[in-house]
Amino acid sequence: MPGQPPTSVTRHWWKEAVAYQIYPRSFMDSNGDGIGDLNGITARLDYLQDLGIDVIWICPMYPSPNDDNGYDISDYQGIMAEFGTMADFDRLLAEVHARGMKLILDLVVNHSSDEHPWFIESRSSRGNPKRDWYIWRDGKNGAEPNNWESIFKGSAWEYDQTTEQYYLHLFSRKQPDLNWENPEVRDAIYEMVRWWLDKGIDGFRLDAISHIKKEAGLSDVPALEGQAYGAAWDKMMNVDGIIEHLDEMCRETFNRYDVMTVGEANGVSPAQAEDWIGERHQRLDMIFAFDHVGLWAEDEAAGLDLSQIKQAFGRWQTGVEGFGWNALFVENHDVPRIISKWGDAEHYWYQSATAIASLYFLMQGTPFIYQGQEIGMTNTTFGSLDDFNDVAAKNQYVQMKQQGVDDAEIIRTLSQTSRDNARTPMQWDAGPGAGFTTDRSWLALNPNFETINVASQWRDSDSVLGFYRQLIRLRKAEPALIYGRYRLELESDPQVYAYSRLLDGQHWLVLVNLSDRPAQRRQLPWPLHHGRLALANYPVEPHPAEDTLDLRPFEARVYRLND
Ligand code: GLC
Ligand code: CA
């Protein structure tokens, strides 16, 4: 355990932890049906422990018709048959704990599956006691109750023949939104949450949690010319009053346990973050902020603008300083692989993977690694529409088709933006099935598994995996890299992302050339020649002159300046 944190910051186990996200369908298949499962995860725990992981977050593993791969839950207290049984889960949890690690689950309570018994009852008649557990409305002039667009495209409303009303679904039509204004719904959710916490899990990642409150009245949004539906963000994301829901949930559940919570809180700004993660309120511990993700989610063609990246991270680093804590990440199951966006998978695969790792991992916050990121997995290749699995990609296809875009262009766009890029199976080795399965995998393997895989990097300290292992060790050994204050350096440098971490007179410096060109800098503000090089992704000569720096393409270095 590192030394003392600064007095202004409270110390917590989850601040010192390194977290790892597992997409269970794609992590490890233990029984040869091509689908990852819980016993597969258990079989790979030694790998995670060896890497230095403290907390494992598993994406939904509950029963689900899999319209959105588990994010449409039909039973909150069960295990998807394809993934195993509750006994398998209990064993997984015990094995995680036996290794001194923790396990957090995905809590998906903005919506359920339309096949959840609650919804089946709710839709059965207008007078059903669970009718008001979901959001039902009459149509307007023979059309939807309003013109909100679903986050997965198309209308956010679905007509139900039986009772001749529409229900709201912000995501797919098989994900009806729960009605959080109904206290019975909230109580049922809290009871379920406590049931898992009593089982001994160590916390939750809260899915789509900034959407649980909708603006009263559900009024229309201004839609664009010629478009039937419009994005309704300010009416269904981080809406006034949401904090009351959050507050109640935390009081009724998490705050009664020593657990960790991280919210997927799209739309929450650093200025609003105090309400969500201000430690004095005892609400969530951290939230995932998406400012930096937004920089590549939509416009693939736009080149890398380092100043925007600095701002996106920086506004959170400095924005929550002193009252809250960040969740650090560059990948998850919803975004393409980071090397394929910020790096150069073709010419500087190793260098860019490790440069990006250095860039985000040593900021202030709890770092999350998404499965496969630690071996430098990249976006995959898609030949045709049939290669896509994701409901969001399929809906987007329909929409682009309606707009008259041709198939080749649609596939090109989806290839770069689709969430399926992050969901190809984990690449364990170069054998058939990539060590993930002995059968055909549910989603095609990325063809580069023969070169990019765990087995080839496992004991090689000069591999991407070896670099992550060193990063983890370094962060754990140095309180300044956990608790230290973040300060941006070389602010307007267009190639180099440089920042300091400062704690009790200690000064650490992270230098990353996030470009494929060399970066020569003179008259630096820090005495590099007095520093100790703690980590680098290129061989580095002892420092030649006082204030010069020659960084090669995607070179990253970490210095301790005042040993
Ligand atoms: C979150 C999840 C995403 C899912 C959506 C609906 O954004 O990360 O995968 O599709 O919520 O549950
Ligand atoms: Ca399986």
So S30 clears everything in (1) open to solvent by less than 40 Å² (accessible area, probe 1.4 Å); (2) of a type in the set (S, T, Y); (3) within 16 Å of ligand 2 (Cβ to nearest atom) except one condition, right? Which one? (1)
Which numbered condition trips up G376, out of (1) within 16 Å of ligand 1 (Cβ to nearest atom); (2) open to solvent by less than 30 Å² (accessible area, probe 1.4 Å); (3) not hydrophobic (A, V, I, L, M, F, W, C)? (1)
Inspect region 18-25 for any residue being under 16 Å from the mean Cα position of the chain (by Cα), of a type outside the set (D, E), away from ligand 1 (no atom under 16 Å from the Cβ) and in a loop (DSSP other than H, G, I, E, B) and give the result as yes or no. yes
Give the residue, chosen from A536, A545, A519, that is modelled with pLDDT under 95, more than 30 Å from F323 (Cβ to Cβ) and of a type in the set (A, V, I, L, M). A545
Members of region 206-234 found to be touching a residue at least 40 places away in the same chain (Cβ under 8 Å), touching a Phe, Trp or Tyr at 6+ places or on another chain (Cβ under 9 Å) and open to solvent by 30 Å² or more (accessible area, probe 1.4 Å), listed by number: D220, A223, Y229, A231
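Rundown of residues vs (1) open to solvent by less than 20 Å² (accessible area, probe 1.4 Å); (2) touching a helix residue (DSSP H, G or I) at 6+ places or on another chain (Cβ under 8 Å); (3) closer than 23 Å to A216 by Cα; (4) assigned to a strand (DSSP E or B), yes/no style:
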| position | (1), (2), (3), (4) |
| --- | --- |
| Q77 | no, yes, no, no |
| A94 | no, no, no, no |
| D106 | yes, no, no, yes |
| S113 | yes, yes, no, no |
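Residues that are at pLDDT below 95 and farther than 30 Å from W196 by Cβ: find the helices (runs of 4 or more DSSP H) completely inside region 222-299 holding 2 or more of those.
Helices (runs of 4 or more DSSP H) meeting the threshold: 291-297.
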Restrict the check to region 180-188 and report whether at least one residue is closer than 30 Å to W14 by Cα and assigned to a loop (DSSP other than H, G, I, E, B). yes
Checked against (1) hydrophobic (A, V, I, L, M, F, W, C); (2) within 16 Å of ligand 1 (Cβ to nearest atom); (3) touching a Leu at 6+ places or on another chain (Cβ under 8 Å), W180 satisfies every condition except (3)
Only residues in region 547-563 that are part of a strand (DSSP E or B) count as the first member; pair them with residues that are crowded, with 22+ Cβ neighbours inside 10 Å and of a type in the set (D, E, K, R), Cβ under 8 angstrom, at least 6 apart or cross-chain, and list the lot. L551/R557
Checking Q308, Q317 in turn, the sole residue that is in a helix (DSSP H, G or I), of a type outside the set (F, W, Y) and open to solvent by 40 Å² or more (accessible area, probe 1.4 Å) turns out to be Q308
The residue that is nearest to the chain's Cα centre (by Cα), considering only those in region 28-60 that are assigned to a loop (DSSP other than H, G, I, E, B) and within 16 Å of ligand 1 (Cβ to nearest atom), is C59
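What are the residues in region 10-27 that are modelled with pLDDT under 95 and crowded, with 24+ Cβ neighbours inside 10 Å, if any? I'd like the intermediate steps shown before the answer.
Of the residues in region 10-27, the ones modelled with pLDDT under 95 are 10-11.
Within region 10-27, no residue meets the criteria.
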One residue from I189, I277 being in contact (Cβ under 8 Å) with a residue 24 or more places away in the chain, away from ligand 2 (no atom under 16 Å from the Cβ), touching a Leu at 6+ places or on another chain (Cβ under 9 Å) and more than 30 Å from S155 (Cα to Cα): I277
For D386, indicate whether it is within 16 Å of ligand 1 (Cβ to nearest atom), out of contact with any Pro (no Cβ under 8 Å at 6 or more places or on another chain), farther than 29 Å from S461 by Cα and of a type in the set (D, E). no
Boolean, M80 is farther than 24 Å from Y468 by Cβ and either within 16 Å of ligand 2 (Cβ to nearest atom) or more than 23 Å from the chain's Cα centre (by Cα) (or both): yes
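Give the residue, chosen from D72, D68, D54, that is in contact with a Lys or Arg (Cβ under 6 Å, 6 or more places away or on another chain) and more than 16 Å from G435 (Cβ to Cβ).
D72
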Does region 408-431 contain any residue that is more than 19 Å from S340 (Cα to Cα), within 26 Å of the chain's Cα centre (by Cα) and in a loop (DSSP other than H, G, I, E, B)? yes
Is it fair to say A480 is away from ligand 1 (no atom under 16 Å from the Cβ), not assigned by TED's automatic domain parsing to the domain that holds S352 and not in a strand (DSSP E or B)? yes
Residue in region 125-163 that is most open to solvent (accessible area, probe 1.4 Å), counting only those that are basic (K, R) and over 22 Å from D72 (Cα atoms): R126
When P425 is run through (1) buried (at least 17 other Cβ atoms within 10 Å of the Cβ); (2) away from ligand 2 (no atom under 16 Å from the Cβ); (3) under 30 Å from L471 (Cβ atoms), the failure sits at (2)
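The values are calculated or read from the model by the stated rules, or taken from the named source; none is laboratory data. Please read all numbers here as calculations on a predicted model, not as lab measurements. Cβ sites come from the backbone with ideal geometry, for glycine too, and all protein chains shown count toward neighbours. Surface areas here come from the heavy atoms of the whole protein model, side chains and all, with no ligands, DNA or RNA. Shrake-Rupley method; radii C 1.70, N 1.55, O 1.52, S 1.80 Å.
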